[in-house]
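Undergrad: Please find one structure pasted underneath; my questions will follow.
The values are calculated or read from the model by the stated rules, or taken from the named source; none is laboratory data. Worth saying up front: this structure is predicted, and the values here are computed from it rather than measured. A quick note on method: Cβ atoms are made from the backbone with ideal geometry, for glycine too, and the neighbour counts reach across all protein chains shown. Surface accessibility is based on the protein's heavy atoms, side chains included, excluding ligands, DNA and RNA. Shrake-Rupley method; radii C 1.70, N 1.55, O 1.52, S 1.80 Å.
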Amino acid sequence: MNKKKIGITFVALVCLAVVVLTIFYMISNGKTTEVDKLMSKDLDNGYPETPTEVLKLYWRYNKCLYNTTLTDKEYNKLLKQLRKLYDAELLDVKDNAWEKMHKRLAKERKSYKKKEQTISTYVVQPAGSIEYTTINKRECATVITGTLTKAKQKRMQIYEKFLCRKDAKGKWRILGWEQTTDKEEIATLGDN
């Protein structure tokens, strides 16, 4: 009888250990961070379909790059992913070569950290109100975004106008951007 109780207790403890390990595994694998999601995003097969989606993804990458403490590996992977959203013409500009962009962004990240600055939120112009044009026989879209940054107690709203262009494969890529203060452009953000 004693051996039977020991056997039952042993089996019960093994089953309990399996349950605990299974729960731990499920919890630890379920906590995928935004950095993990963006690093593993397959942009070759799951590229955003609209200019609005491209800009939303752009801001997700930027929030991680500026707001998160990253390893060198994570920083490099996120920047490589972000660059996939850019038009080849933008990347061909000398100042946008990998090394220069890598150093410039690292410097900007240090500045953000020193000022305790973060990208708080962003809004992207809804797809239904985007202005489409054709430039040099290529389809282009102008998209307005707004970002709220915080530095300690100070908040700053920045509005930018992005030009996206379809590449040869029909993918919307970011060709460039500039800040805007035009009230009509900003109004296109609506009540996002």
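Undergrad: Just to be sure I understand the model, the point goes 7 Å from the Cα along the line to the Cβ. What's the resulting K84 to T32 distance in nm?
TA: Distance between label points: 1.4 nm.
Undergrad: Rounded to the nearest 20 debye, what is the charge dipole size of the chain about its Cα centre when +1 sits on each Lys and Arg Cβ and -1 on each Asp and Glu Cβ?
TA: 1160 debye
Undergrad: Given 0.36 nm per residue, what is the gain on full extension from T68 to R138 after removing their alpha carbon distance, in nm?
TA: Numbers: separation 70, 0.36 × 70 = 25.20 nm, distance 3.64 nm.
Using 0.36 nm per residue and subtracting the Cα-Cα distance, I get 21.6 nm.
Undergrad: In square angstrom, rounded to the nearest 10, how much accessible surface does R60 have for a 1.4 Å probe?
TA: Its heavy atoms expose roughly 70 Å² to the probe.
Undergrad: Considering the chain as a Gaussian network with a 10 Å cut-off on Cα pairs, which listed residue, T50, T71, T180, attains the greatest mean-square fluctuation?
TA: Its mean-square fluctuation being the largest, the pick is T71.
Undergrad: A follow-up question, please. If one computes P(r) from the Cα atoms of region 104-189, what percent of pairs lie at distances over 20 Å?
TA: 46 percent
Undergrad: Still on this structure, please answer the following. Using the eigenvalues of the Cα gyration tensor, what equivalent ellipsoid semi-axes result for region 142-192 when each is taken as the square root of five times the eigenvalue, whole Å, largest first?
TA: With the √(5λ) rule applied to region 142-192, the semi-axes are 26, 13, 9 Å.
Undergrad: Here's something else I'd like to know. Pull out the extension gain between I186 and R104, defined as 0.36 nm times the separation in residues minus the alpha carbon to alpha carbon distance; nm, one decimal. Intermediate values should be presented prior to the final figure.
TA: Numbers: separation 82, 0.36 × 82 = 29.52 nm, distance 2.78 nm.
Residue separation times 0.36 nm, minus the Cα-Cα distance, leaves 26.7 nm.
Undergrad: Using label points projected 7 Å from each Cα along Cα→Cβ, tell me how many nm separate E131 and K113, to one decimal.
TA: A separation of 4.0 nm, rounded to one decimal place.
Undergrad: If r is the Cβ-Cβ distance from K166 to K56 and R0 is 22 Å, what FRET efficiency results, to the nearest 0.05? Please list the in-between numbers first.
TA: Values: r = 18 Å, r/R0 = 0.80.
The calculated FRET efficiency here is 0.80.
Undergrad: Once ligands and nucleic acids are excluded and a 1.4 Å probe is used, how much of R165 is accessible, expressed in Å² to the nearest 10?
TA: Roughly 30 Å² of R165 is accessible to a 1.4 Å probe.
Undergrad: Report the residue, chosen from W172, W98, W59, that carries the largest GNM mean-square fluctuation when the chain is represented by alpha-carbon nodes joined by springs under 10 Å.
TA: Of W172, W98, W59, the most mobile in the Gaussian network model is W98.
Undergrad: If the convex hull of the alpha-carbon atoms of region 29-162 is projected onto planes in all directions, what is the mean projected area in square nanometres?
TA: Quarter of the Cα hull surface area: 9.9 nm².
Undergrad: Convert each backbone phi in region 50-56 into a coupling constant with the Karplus relation 6.51 cos²θ - 1.76 cosθ + 1.60 (shift: θ = phi - 60°), then list the ³J(HN,Hα) values in order as whole Hz, x for Gly and Pro.
TA: Result, ordered by residue: 10, x, 4, 5, 4, 5, 4 Hz.
Undergrad: Jot down the per residue volume, in cubic angstrom and as a whole number, of the convex hull over the alpha-carbon atoms of region 53-125.
TA: On the way: hull volume 6.9 nm³, N = 73.
Hull volume normalised by residue count: 95 Å³.
Undergrad: Same structure, new question: Step through the residues of region 144-158 one at a time and calculate ³J(HN,Hα) from phi using the Karplus curve (6.51 cos²θ - 1.76 cosθ + 1.60, θ = phi - 60°), rounding each to whole Hz and writing x for Gly and Pro.
TA: 9, 10, x, 10, 10, 10, 10, 9, 6, 8, 8, 10, 9, 9, 10
Undergrad: Within the accessible area of the chain, what % is carbon and sulfur when the probe is 1.4 Å and the other protein chains stay in place?
TA: About 55 percent, which is the carbon plus sulfur part of the accessible surface.
Undergrad: Continuing with this model, one more query. For helix 72-83, report the angle its Cα long axis makes with the longest principal axis of the Cα atoms of the chain; keep it between 0 and 90° and round to the nearest 10°.
TA: The two axes meet at around 40 degrees.
Undergrad: For region 147-182 and region 102-133, what is the centre-to-centre distance using only Cα atoms, to the nearest Å?
TA: First find each Cα centre; the distance between them is then 7 Å.
Undergrad: Taking R0 as 45 Å, what FRET efficiency do you get between K77 and I8 from their Cβ-Cβ distance, rounded to the nearest 0.05?
TA: 0.35
Undergrad: So, one more: Of I6, Y159, N96, which is farthest along the charge dipole of the chain in the positive direction, counting Lys and Arg as +1 and Asp and Glu as -1 at C-beta?
TA: Of the options given, the answer is I6.
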